[in-house]
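Reading through the structure tokens given below for one structure.
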Amino acid sequence: MPGPPRRAMELSRTLPETPAIYTASRVEWPVAHCMDCLGARIGVRANDPEFWDRFVPLLPPHARLDPWGAAHRVYSISSRAGEHVVRRNGAVLWRGPGAEDAARLLASELHASVARFSTDLFVHAGVVGWRGRAIVIPGSSMAGKTTLVAELIRLGADYYSDEYAVVGEDGSVRSYPKPLSIRSPEGHPKLVFAAAIPGADGAERLRVGLIVAARHRPGACWKPRRLSKAASMLVLIANTVMARSRPEMTMARLRRAVEHAWGVEGERGEAAETARAVLETAETVFPASPDPHCADACGNPLL
């Protein structure tokens, strides 16, 4: 294999962890790409082009597929005789007969790697746009962010993300519209792709207007209390992916993010009731005129 190109040598000096060149024989790996996503470079290779074609819609938002080269991590998916094996940097993460399970795991790993290696700051949070501002709902996985985000979309909010608030240098938030995973009444997950949600393009960055720390408890009534800016920052820090590894970046960006934002916290019950109350709060605290540097919100039909 030829040596690393100049681009790879430059990347090794600028990215948070030094990318390495991993071999990708075209015989063993007919599909081999270096995915560039918001500054993270992740190698992805597969021995089954049909599996790859079905997987492409699950790639992270903003992902660009480049030729094979320097990468922070490499994921391999091999499919043989009905068995699928997912590896990260050569170590087996999962093996089994289910192509959908393999694809779901690979997609989850790619999102996590982008969050770790991106030059932006990733906070575990749902995000919607409303009246030219971002409503940020921090929380870990399985905390109920998706159901609340879905209800806000049904009420007319713009979909930005149900998993990450991507915070830029100026504290504004950009979209990361991964597919919404909505559970059916029987408990089965159903993916709703961003392309099917009007207003989900999120072309503009939004300044944070409202931070909603909502803990789900069945039967609870949403009676939030106001958070100070310091308390709002602590909530965001607790959900920031690389807070310990990038403390200076975390503090600087989140300080700007909360500068003009309200923060509230409390226990919530049903998502529909809470979503209506959240938008009522937003109407009260957001400025009458949208920020001219931010996107305007538009109404969306029911999912």
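Only one of the listed residues (I211, I237) is buried (at least 19 other Cβ atoms within 10 Å of the Cβ), modelled with pLDDT of 90 or more and either of a type in the set (A, V, I, L, M, F, W, C) or more than 28 Å from A196 (Cα to Cα) (or both). That residue is I211. The set of residues from region 200-243 being touching a residue at least 24 places away in the same chain (Cβ under 8 Å), in a loop (DSSP other than H, G, I, E, B) and in contact with a Ser or Thr (Cβ under 6 Å, 6 or more places away or on another chain) comprises G202, R205, W222. Looking at region 114-126, is at least one residue within 17 Å of H33 (Cβ to Cβ), without any contact (Cβ under 8 Å) to a residue 40 or more places away in the chain and crowded, with 23+ Cβ neighbours inside 10 Å? Looking through region 114-126, none of the residues is within 17 Å of H33 (Cβ to Cβ), without any contact (Cβ under 8 Å) to a residue 40 or more places away in the chain and crowded, with 23+ Cβ neighbours inside 10 Å.
Considering region 38-72, and only residues there that are in a strand (DSSP E or B) and of a type in the set (V, I, T), the residue that is surrounded by the most Cβ atoms within 10 Å (Cβ to Cβ) turns out to be V44. The set of residues in region 266-281 that are in contact (Cβ under 8 Å) with a residue 24 or more places away in the chain and either assigned to a strand (DSSP E or B) or closer than 15 Å to T147 by Cβ (or both) comprises G266, E267, R268, G269, A271, A272, E273, T274, A275, R276, A277, V278. Selection within region 108-127: residues that are over 14 Å from P247 (Cα atoms) and not in a helix (DSSP H, G or I). The member of this set that is farthest from the chain's Cα centre (by Cα) is S118.
Residues that are free of Cβ contacts under 8 Å to residues at least 24 places away in the same chain, surrounded by 16 or more Cβ atoms within 10 Å (Cβ to Cβ) and not charged (D, E, K, R) within region 73-92 comprise V85, V86, listed in sequence order. When residues of region 128-179 are filtered for being buried (at least 24 other Cβ atoms within 10 Å of the Cβ), of a type in the set (S, T, Y) and outside any loop (DSSP other than H, G, I, E, B), how many remain? Residues in region 128-179 being buried (at least 24 other Cβ atoms within 10 Å of the Cβ), of a type in the set (S, T, Y) and outside any loop (DSSP other than H, G, I, E, B): 4 in total.
Quick check on region 28-37. Is at least one of its residues surrounded by 18 or more Cβ atoms within 10 Å (Cβ to Cβ), closer than 15 Å to K178 by Cβ, modelled with pLDDT of 95 or more and under 19 Å from the mean Cα position of the chain (by Cα)? Looking for residues that are surrounded by 18 or more Cβ atoms within 10 Å (Cβ to Cβ), closer than 15 Å to K178 by Cβ, modelled with pLDDT of 95 or more and under 19 Å from the mean Cα position of the chain (by Cα), one finds at least one in region 28-37, hence yes.
The values are calculated or read from the model by the stated rules, or taken from the named source; none is laboratory data. No experiment lies behind these values; they were computed from the predicted model shown. Methodologically, a virtual Cβ is constructed for each residue, glycine included, from the backbone with ideal geometry; neighbour enumeration extends over all protein chains shown.
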